[in-house]
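Here the structure comes first, spelled out in structure tokens, and everything after it is commentary.
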Amino acid sequence: MFRGFYKKTTAQRRAVIDEFRPDLHIMPKALPETVADNMIENYLMNYEIPLGVAVNFTINDQQKVVPMVTEEPSVIAAANNAGKILGNIQTTYGQREITGQIILSGIQHLETVLQKLETHKNELLQQAKDASPNMVKRGGGPIALTFEHKKSKIEQYIVIYLTFNPCDAMGANAINTCLEALAPTIEALTDEIALMKILSNYSEAAVSKATTSVPTQKLHPNLEEAKNIAKSIALASDYASIDVYRATTHNKGIMNGIDALCLATGNDWRAVEASVHAYASRTGNYQPLATWTYDEKADRLIGEIELPIPVAVVGGTISVHPAAQWSLELLDNPSASELAQIMAAVGLAQNFAAVKALVTEGIQRGHMGLQARSLAMQVGATEDEVGRLAEKLQEAPQMSSTIAADLLKEIRENQSEEK
Ligand code: MEV
């Protein structure tokens, strides 16, 4: 059904999706102004970014067509190719858990404050639960309270951590409401002042993992070459573990895929970015989030990714944005933890595609086709001219806007001569 999907026209691609999922709502055309105006302050217009699909994913033995919103030309093509090569990607998820903090500063009587908090822990937790009745009704809400003393060069602090199950929501509003409800009681109890109360975007418990084991022969028709590619991918992954310059870019490639899926599903990609990069630094050394090893005996390339992805499938933008709703439907209406696992699989595939390209033909070749089309549009080619100009640009020794403008002139001159 999806064979040659990328070669089809947009209308044909939409028809394939309709055939694949006749149960879906009609693809939304635009974000209605009335909705947009209620989403942000001072709204003026919609700023559009294309939504496409990666059609070759199998995750936990289920075929997935993955919606991706991105302005970067090669991201979806790369995810598509990688999905095909990697085959079934297995995923798991930790706990649905976020953490909030109430921070007390200027602590004078450290032991007394800690003791009071410990003594009243259960009442405080109950108060937090009472402040979140809807989450509690859904089986989530406050889970536990813990306390910790922290000291900087200038100050003593006590931090109260509230762990919280946000169910299928992101939970930022719910947990912040709880923290703000709890803070006055804590202030009265301890005779201290809360410096702030806020959700943390870091969550070590809510980690998604994805793994894949690829027979080496899938990497190249020539077996020797395939083995070399597998070894080079493993070396690239190893190198990223000792060089922050490379690890940063390695992880940026992963986020090309994850952010695109965050955007498609209306999720807060800044929260995901913050969480993921903090996790990459958890040992004190910024590390690659996806790793590849070559199992010589089994002749397989093994890929693994592990990262906390705090996403949601209800609430906020997600529930009001028609394209986000459509994207979730396309993904078979996953739970938040299922969505986080799909994201991990996409991140792993995106990393595989980038690293494979880097250790073989380089990254530019794959970018050429779409870059040529983008250059063609930049120099003013009409819809009818874009394809021809892009072809000519790819044959040219170099691609630049000057060359594109010259070639467009040439096309137009030839056309008027033909007439
Ligand atoms: C470009 O957007 C992403 C890459 O640089 C990722 C990488 O180098 O691994 C290709």
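In whole angstrom, how far apart do the alpha carbon centroids of the stretch 1-35 and the stretch 371-404 sit?
Using only Cα atoms, the two centres lie 27 Å from each other.
With each pseudo-label sitting 7 Å past Cα toward Cβ, what's the Arg282-Thr249 distance in nm, one decimal?
Label-label distance for Arg282 and Thr249, simple model: 2.7 nm.
Quick check: the distance between the Cα centres of the stretch 45-74 and the stretch 230-294, to the nearest angstrom?
Answer, in whole Å: 19.
Would you work out the Kirkwood radius for the stretch 29-118? I mean one over the mean of 1/r across all pairs of different Cα atoms, in Å.
18.6 Å
What does the helix-only formula give at 222 nm for the chain: each DSSP H stretch with n ≥ 4 adding -39500 (n - 2.57), the total divided by the residues, and the result rounded to the nearest 500 deg cm²/dmol?
Helices in the chain give a 222 nm mean residue ellipticity of -16000 deg cm²/dmol.
Multiply the residue separation of Asn38 and Glu19 by 0.36 nm, subtract the distance between their alpha-carbon atoms, and state the gained length in nm to one decimal.
3.4 nm
Relative to the present Cα-Cα distance, how much length would full extension add between Glu148 and Glu417 at 0.36 nm per residue of separation?
Extra length from Glu148 to Glu417 when fully extended: 88.8 nm.
Under a 10 Å cutoff between Cα atoms, tell me which one of Arg138, Arg96, Arg246 has the largest fluctuation in the Gaussian network model of the chain.
Maximum among the listed residues: Arg138.
Could you state the accessible area per residue of the chain in Å², with a 1.4 Å probe and every protein chain left in place? Kindly include the intermediate steps, with their values, before the conclusion.
On the way: 21940 Å² over 419 residues.
Solvent-accessible surface per residue comes out at 52 Å².
Rounded to a whole number, what % of the accessible area of the stretch 105-168 do carbon and sulfur atoms account for, probe 1.4 Å?
Exposed carbon and sulfur together represent 49 percent of the surface.
Can you give me the C-alpha center-to-center distance between the stretch 82-118 and the stretch 176-226, rounded to a whole angstrom?
7 Å
At 1.4 Å probe size, with the rest of the protein present, what percent of the exposed accessible area of the stretch 208-283 is carbon and sulfur atoms?
Reported share for carbon and sulfur atoms: 57 percent.
Cα atoms only: what Rg and Dmax, in Å, come out for the chain?
Looking at the chain, its Cα Rg and Dmax stand at 25.4, 92 Å.
The values are calculated or read from the model by the stated rules, or taken from the named source; none is laboratory data. A quick note: this is a predicted structure, and the numbers were derived from the prediction, not measured. Backbone-built Cβ (ideal geometry, glycine too); neighbour counts: all protein chains shown. These accessible areas exclude ligands, DNA and RNA; they are computed on the full protein's heavy atoms, side chains included. Shrake-Rupley method; radii C 1.70, N 1.55, O 1.52, S 1.80 Å.
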